[in-house]
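The values are calculated or read from the model by the stated rules, or taken from the named source; none is laboratory data. No experiment lies behind these values; they were computed from the predicted model shown. All Cβ positions, even for glycine, are placed from backbone atoms using ideal geometry, and neighbour counts span all protein chains on display. Note: accessible area is taken over every heavy atom of the protein model, side chains too, but ligands, DNA and RNA are not part of it. Shrake-Rupley method; radii C 1.70, N 1.55, O 1.52, S 1.80 Å.
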Amino acid sequence: MDPAPAPASASSIERRFYRHRLPVRVMHWINVACLAILLMSGLGIFNAHPALYWGRDSTFAQPWVVLWAKRTPNGPVGRTRIGSTEFDTTGVLGLSKADGVLTARAFPAWATIPGPQSLATARHWHFFFAWIFVVNGLCYLLWTIFSRHLVRDLVPTRDELARIGRSFVDHLLFRHAAGEAAKRYNVLQSLTYLVVIFVLLPLVVLAGLAMSPRVDSVLTGWVELLGGRQSARTLHFLAAFGLLAFVLVHVFEVFVAGVWNEMRSMITGWYVLPAGTASRPMAASVAMPDEESGAHAPTAAVPKEVQP
Amino acid sequence: MKRPPIHLMHARDRERRHLLRGAVAAAGAAALAGCDRLSNNESFVETLKQAQHLSRAVQSVVAPRPAMAQEFSPKDIAPVFRSNGTLNPRDADYRALQAANFADYRLAVGGLVEKPGEWSLDELRAMPSRTQITRHDCVEGWSCIGKWTGVPLAHILGRVRPLAGARFVLFRCFDSMGDPSPSAPDSHYYESIDLEEATHVQTILAYELNDRPLPVSNGAPLRCRVERQLGYKQAKYVRAIELVPAFGQIRGGKGGYWEDEGYEWYGGI
């Protein structure tokens, strides 16, 4: 195996590429903070009634998810039931240590904001950052459309879509794009971003709004479209966990693809294209950045054809 | 030159990753501790709470004054209407009324009004009534559908005629949330809503739940229904109604029992 090139070598400077423009970087990090706070304060809110239902109201006898602490002859245990399957989740779900004391609580103190159970405070955190999150999201949506970031970088081409199987295999083998190919999001990546932007995020917001009794009166009965308020609560929870799953995979991929390079590109905008021939078919012809494009020139502040 | 597979990564890389992971874990723990410190900082929480004004302003634009809460069909009514909070007031004055099946109950309406009034349950039942099958949304997250019958609060307000300075309708309740003995600090449940919400068509003082007299666990003899807000806004065991210009000087100053405990005054979210 060839060693990875030293980041400071002359060749890597030549391969520098301005990957993320400032608005994307700023909005990305605002999003990171908001998502973390919203998820954790959301779990704090969930803890006030740790059960999920499907329908207009709560069928208290048949939640489809429920977390609770149960007394047994050998002491209390944490239990989780999903559908008709019950799990022992002592230590994490249902029963966990808060400040060193075993406490009956759905999600553990390390996963909630605030740590000590407080529905009122969790709601304040949640609704304050929900506003920042939504405004940031709308700014991103507008920017991504008007800067053409959406059509140019996020929507995959026909060719890319045709090679989706190849992209799957590359991901499974942890093969990452190099050279020219690394300038574009790979097809699985862009499809994932599209699902997050146009499915999960709108769903999490809409289902969240559906839980507000006043918003429910906007067009009386619109919440039925989500299956009713308790279904909306379920969808809000599922969408949030979908986002969490995305974040986990996203962060995992950052580590696999090279955490320093990826982090630098999301902080400074500059990314060093991995050298060599990429395994990705779209990069087959060009392994090194195009000398004419100027996109890799470290002095170019914002190249005319800025890529993702 | 492909990136080496993960298990063949250079030791230096692994070390860096290790370091980074440690740093991320430490940063996460510090962030959590920071969040908890902020949660105990009154002015920070007060700042967070300001978001409710933005939410309320936007909500009153997108769902203006007359916007109606959804009403359901009889088949949607929950077999048992869940009760929460006080289930059976321990207060002596309430117990006495309860013993006589609320025959001696009088709803007193006063404060900033032209013509204060007092009405028995029978008198309230003789007034115009509204029946609605609505969904009760608890701040905890659950919902329950029930059928309520009662007198529109707007009708009562029309009888007492609020004065120009009246801005809020304050509900005084029978149930003490803490020690009910008269020597203990006043912990009676109370709530307040603004006049806009008070005069909404669906805001009623309910004396019936699912075609039966309101059960004690759901707030007998009279409870408020404010259908576009959360459950804690819907005062149970209503003893008296008062029109006030502001609530800053009343009890904890936040406009309600749970509001004084940190919850938002605006319960539309």
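Can A:Ala257 be described as touching a residue at least 24 places away in the same chain (Cβ under 8 Å), surrounded by fewer than 17 Cβ atoms within 10 Å (Cβ to Cβ) and over 18 Å from A:Asn47 (Cα atoms)? Quick ask: steps written out before the conclusion?
Working: touching a residue at least 24 places away in the same chain (Cβ under 8 Å): yes; surrounded by fewer than 17 Cβ atoms within 10 Å (Cβ to Cβ): yes; over 18 Å from A:Asn47 (Cα atoms): yes.
Judged against the criteria, A:Ala257 is a match.
Could you check segment A:47-100 and list, in sequence order, the residues that are away from chain B (no Cβ under 14 Å), within 23 Å of A:Pro114 (Cα to Cα) and within 27 Å of the chain's Cα centre (by Cα)?
A:Thr80, A:Thr89, A:Gly91, A:Val92, A:Leu93, A:Gly94, A:Ser96
Just to verify a result, which residue in segment A:216-247, among those that are hydroxyl-bearing (Ser, Thr, Tyr) and in a helix (DSSP H, G or I), is nearest to the other protein chains (Cβ to nearest Cβ)? Talk me through it step by step, then tell me what you get.
Kept after step one, since they are hydroxyl-bearing (Ser, Thr, Tyr), are these residues of segment A:216-247: A:217, A:220, A:231, A:234.
Among the residues that remain, those that are also in a helix (DSSP H, G or I) are: A:217, A:231, A:234.
On the way: A:Ser217: 4, A:Ser231: 10, A:Thr234: 11 Å.
That would be A:Ser217.
Of a type outside the set (Gly, Ala, Ser), within 10 Å of chain B (Cβ to nearest Cβ), touching a residue at least 60 places away in the same chain (Cβ under 8 Å) and surrounded by 19 or more Cβ atoms within 10 Å (Cβ to Cβ), is that true of A:Pro213? Outline the logic, then answer.
Details: of a type outside the set (Gly, Ala, Ser): yes; within 10 Å of chain B (Cβ to nearest Cβ): yes; touching a residue at least 60 places away in the same chain (Cβ under 8 Å): no; surrounded by 19 or more Cβ atoms within 10 Å (Cβ to Cβ): yes.
Spelling it out, it is not the case that A:Pro213 is of a type outside the set (Gly, Ala, Ser), within 10 Å of chain B (Cβ to nearest Cβ), touching a residue at least 60 places away in the same chain (Cβ under 8 Å) and surrounded by 19 or more Cβ atoms within 10 Å (Cβ to Cβ).
Specify which of the listed residues (A:Ala178, A:Ala207) is of a type outside the set (Val, Ile, Thr) and touching a Gly at 6+ places or on another chain (Cβ under 6 Å).
Numbers: A:Ala207 fails: touching a Gly at 6+ places or on another chain (Cβ under 6 Å).
When all the criteria are applied, what remains is A:Ala178.
Name every residue in segment A:51-72 that is of a type in the set (S, T, N, Q) and at pLDDT 95 or above, in order of residue number.
Within segment A:51-72, the subset of a type in the set (S, T, N, Q) is A:58-59, A:62, A:72.
Answer for segment A:51-72, where residues must be of a type in the set (S, T, N, Q) and at pLDDT 95 or above: just A:Ser58.
Considering only residues that are under 19 Å from the mean Cα position of the chain (by Cα) and without any contact (Cβ under 8 Å) to a residue 24 or more places away in the chain, which ones fall in segment B:141-186?
Answer for segment B:141-186, where residues must be under 19 Å from the mean Cα position of the chain (by Cα) and without any contact (Cβ under 8 Å) to a residue 24 or more places away in the chain: B:Gly141, B:Ser143, B:Gly178.
Could you tell me which numbered condition B:Trp265 fails, if it satisfies all but one of (1) buried (at least 23 other Cβ atoms within 10 Å of the Cβ); (2) within 14 Å of chain A (Cβ to nearest Cβ)?
So the condition that B:Trp265 fails would be (1).
Going by the conditions given, is B:Leu222 modelled with pLDDT of 95 or more and under 14 Å from B:Thr134 (Cα atoms)? Before the answer, list the steps.
Values: modelled with pLDDT of 95 or more: yes; under 14 Å from B:Thr134 (Cα atoms): no.
So B:Leu222 fails the test.
Which of the numbered conditions does A:Gln189 fail, given that it passes all the others? Conditions: (1) open to solvent by 40 Å² or more (accessible area, probe 1.4 Å); (2) at pLDDT 95 or above.
Of (1) open to solvent by 40 Å² or more (accessible area, probe 1.4 Å); (2) at pLDDT 95 or above, only one is false for A:Gln189: (2).
Out of (1) touching a residue at least 12 places away in the same chain (Cβ under 8 Å); (2) in a helix (DSSP H, G or I); (3) open to solvent by less than 40 Å² (accessible area, probe 1.4 Å), what's the single condition that is false for A:Glu262?
Of the numbered conditions (1) touching a residue at least 12 places away in the same chain (Cβ under 8 Å); (2) in a helix (DSSP H, G or I); (3) open to solvent by less than 40 Å² (accessible area, probe 1.4 Å), the odd one out for A:Glu262 is (1).
Residue check: is B:Thr149 within 16 Å of B:Pro215 (Cα to Cα), out of contact with any helix residue (DSSP H, G or I) (no Cβ under 7 Å at 6 or more places or on another chain), away from chain A (no Cβ under 14 Å) and in a strand (DSSP E or B)? Don't jump to the end; show me each part of the working.
On the way: within 16 Å of B:Pro215 (Cα to Cα): yes; out of contact with any helix residue (DSSP H, G or I) (no Cβ under 7 Å at 6 or more places or on another chain): yes; away from chain A (no Cβ under 14 Å): yes; in a strand (DSSP E or B): yes.
Taking the combined requirement at face value, the residue satisfies it.
Considering only residues of segment B:226-243 that are open to solvent by less than 10 Å² (accessible area, probe 1.4 Å) and away from chain A (no Cβ under 14 Å), which is farthest from B:Gln70 (Cα to Cα)?
The qualifying residue farthest from B:Gln70 (Cα to Cα) is B:Leu243.
Can you name every residue in segment A:220-248 that is at positive phi and in contact (Cβ under 8 Å) with a residue 40 or more places away in the chain?
So in segment A:220-248, the residues at positive phi come out as A:221, A:227-228.
Scanning segment A:220-248 gives A:Gly227, A:Gly228.
With A:Arg158, A:Arg71, A:Arg163 as the choices, which residue is in contact with a Pro (Cβ under 8 Å, 6 or more places away or on another chain), open to solvent by 60 Å² or more (accessible area, probe 1.4 Å), among the basic types (Lys, Arg) and over 24 Å from B:Ser39 (Cα atoms)?
Values: A:Arg158 fails: in contact with a Pro (Cβ under 8 Å, 6 or more places away or on another chain); A:Arg71 fails: in contact with a Pro (Cβ under 8 Å, 6 or more places away or on another chain).
Answer to the selection: A:Arg163.
Please go through segment A:1-50 and give me each residue that is at pLDDT 85 or above, in a helix (DSSP H, G or I) and more than 30 Å from B:Asp36 (Cβ to Cβ), ordered by number.
If we filter segment A:1-50 for residues that are at pLDDT 85 or above, which is where we start, we get A:16-50.
Within this subset, residues satisfying the condition of being in a helix (DSSP H, G or I) are A:22-46.
A:Leu22, A:Pro23, A:Val24, listed by residue number.
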